[in-house]
1. For the range 131-161, which GluC sites (Glu not before Pro) are in a loop by DSSP, counting at most 13 other Cβ atoms within 10 Å?
2. Can you grab the distance from the C-alpha centre of the range 86-114 to the C-alpha centre of the range 28-61, Å, no decimals?
3. Could you calculate the contour length gain from residue 189 to residue 141, that is, 0.36 nm times the residue separation minus the distance between their Cα atoms, to one decimal place in nm?
4. First measure r as the distance between the Cβ atoms of residue 26 and residue 196, then evaluate 1/(1 + (r/R0)^6) with R0 = 45 Å and state the FRET efficiency to the nearest 0.05.
5. Before I look further, what does the range 163-206 give for accessible area per residue, probe 1.4 Å, in whole square angstrom?
6. Helix-only estimate, please: 222 nm mean residue ellipticity of the chain, summing -39500 (n - 2.57) across DSSP H runs of length 4 or more and dividing by its residues, to the nearest 500.
7. How large a share of the accessible area of the range 14-96, in percent, is made up of carbon and sulfur atoms when the probe is 1.4 Å and the other protein chains stay in place?
8. Given Cα pairs under 8 Å that are at least 6 residues apart, what percent is the relative contact order of the range 94-205?
Amino acid sequence: MAKRQSIENPRNISAQPRFHQRAREIQSYGTVSHMLPLELEEPVRLEMTEQLNQLLADTMTLRDLYKKSHWQVAGPTFYQLHLLFDKHYNEQVELVDSIAERIQLLGGVSLAMAADVAETTQIERPPRGREEVPVQLSRLLDAHQTIVRYVRTLARRASELGDDGTNDLVVSDVLRTNELQIWFLSEHLVNVPLVEAKESPAISAA
Ligand SMILES: [Fe+2]
């Protein structure tokens, strides 16, 4: 009887951890809560959080595609690409956190788990197995292109709605980072000689 009282009485403090707890969600996905003094109306925050969650799912997918490429890359350019892929991965990690926290500060709920991301992303799913370098690079560039296209539209919409913070985040951070990474990847797909330059027509004719 005494033991039962100690559980039921909230004033009794116990060192016993409470395991395996579950309860109802405190906020449903797809809703916006608490009006912080942001001077942004609820419909604006609803639309922006929905679009930012799409961008988040695609950015998390690209982040993971970089780690897959970092681990599975093969060939003579292994070392430089192994390092480059991880550098880009870390930059995408930063973007993921910035996008997710923007959703939360607007009162929304960020996507977080892999299964939810997989259901939401627009980026094509790669096979589990290893692929050769040109295919890895092409997949990464296609993913970047999907994100860049989406971001340009999102940036304009954020500006129209007066959400300057979202506009700034997606232009200054997301767009600029993706553009730079696109350049670094694309230069690896230029077919130039590695050791011996091709003879120019003028030299060979002489
Ligand atoms: Fe690593």
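1. 132
2. After rounding, the separation between the Cα centres reads 12 Å.
3. Answer, rounded to one decimal: 16.2 nm.
4. Working from the Cβ atoms, E equals 0.10.
5. 74
6. The helix contribution divided over the chain gives -19500 deg cm²/dmol.
7. The C+S portion of the solvent-accessible surface of the range 14-96 is 56 percent.
8. 24
The values are calculated or read from the model by the stated rules, or taken from the named source; none is laboratory data. None of these values were measured; they are calculated from a predicted model. Because the Cβ atoms are built from the backbone with ideal geometry, glycine has one as well, and the counts that use them run over all protein chains shown. What goes into the accessible areas is simple: the full protein's heavy atoms, side chains included, and nothing from ligands, DNA or RNA. Shrake-Rupley method; radii C 1.70, N 1.55, O 1.52, S 1.80 Å.
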